[in-house]
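These notes concern the structure reproduced below.
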Amino acid sequence: MGRKILNRKEMRADFDAAERRKQDDEEVDETEEEEEDEDEAEDEEEEGDEEDSKEDADEGEEADEAVEAPKARKKAKAPAKAPKAKTRTRTPKVTRMKVVWGVFNNSNQRVATFDYPKRKDADDLASKLSNDKKTTHFVQPVKEPMEEKEKEKEKEKKEKGSKDHNPDKK
């Protein structure tokens, strides 16, 4: 039941060699594409030259052949393109939630809401509605987003309360 022991160094060397081959193939593909683009551009230039003068075309072709050879050497030495930097995704704004007690009827329609500490009041209303209307009402916790306005009002109340209790100010 023994397993063959894997030689991690050999596996790593094989993987690195495969990666190098893949990178070399990609670089060759890029240089071939660049050569094709430049060949098309040179063809367009030659068409313009031929229209100007047909006599100078023979001399122009010889000059073009001399110019093409150094360009081919430069293409082979072209550096690889740098990868694009990944843009950071913005994290969504998290809204704070608060729990309230909701009084619901049989068709799950909310009839009333109460703050979390007032569970007894919510139960009393549910039993009263059930007895009066002879339909089922129940209490269930509900999560609601906290509103920014409420926070501002609470801050104002605290500030007013602290001003009233400050003995320095009269």
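The values are calculated or read from the model by the stated rules, or taken from the named source; none is laboratory data. These numbers were taken from a predicted model, which means no experiment stands behind them. Neighbour counts are summed over all protein chains in view; Cβ atoms, including those assigned to glycine, are modelled from backbone coordinates with ideal geometry. Accessible surface areas use protein heavy atoms only, side chains included; no ligands, DNA or RNA. Shrake-Rupley method; radii C 1.70, N 1.55, O 1.52, S 1.80 Å.
On the basis of being surrounded by 10 or more Cβ atoms within 10 Å (Cβ to Cβ), modelled with pLDDT under 95 and either part of a strand (DSSP E or B) or within 38 Å of the chain's Cα centre (by Cα) (or both), does residue 84 make the cut? Steps first, please.
Working: surrounded by 10 or more Cβ atoms within 10 Å (Cβ to Cβ): no; modelled with pLDDT under 95: yes; either part of a strand (DSSP E or B) or within 38 Å of the chain's Cα centre (by Cα) (or both): yes.
No.
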Restricting attention to the stretch 119-126, does a residue exist that is under 30 Å from residue 93 (Cβ atoms), within 45 Å of the chain's Cα centre (by Cα) and either open to solvent by 80 Å² or more (accessible area, probe 1.4 Å) or modelled with pLDDT under 95 (or both)?
no
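Could you identify the single residue in 66, 78 that is at pLDDT below 80, in a helix (DSSP H, G or I) and either farther than 30 Å from residue 26 by Cβ or hydrophobic (A, V, I, L, M, F, W, C) (or both)? First the steps, then the outcome.
Details: 78 fails: in a helix (DSSP H, G or I).
Being at pLDDT below 80, in a helix (DSSP H, G or I) and either farther than 30 Å from residue 26 by Cβ or hydrophobic (A, V, I, L, M, F, W, C) (or both) holds for just one of 66, 78, which is 66.
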Tell me, yes or no, whether the stretch 147-169 has at least one residue that is open to solvent by less than 70 Å² (accessible area, probe 1.4 Å), modelled with pLDDT of 70 or more and not hydroxyl-bearing (Ser, Thr, Tyr).
no
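Looking at the structure I just gave you, is residue 71 at pLDDT below 80, within 30 Å of residue 20 (Cα to Cα) and assigned to a loop (DSSP other than H, G, I, E, B)?
On the way: at pLDDT below 80: yes; within 30 Å of residue 20 (Cα to Cα): yes; assigned to a loop (DSSP other than H, G, I, E, B): no.
No, not satisfied.
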So is residue 134 at pLDDT 85 or above, within 30 Å of residue 108 (Cα to Cα), open to solvent by 60 Å² or more (accessible area, probe 1.4 Å) and touching a Lys or Arg at 6+ places or on another chain (Cβ under 9 Å) or not?
no
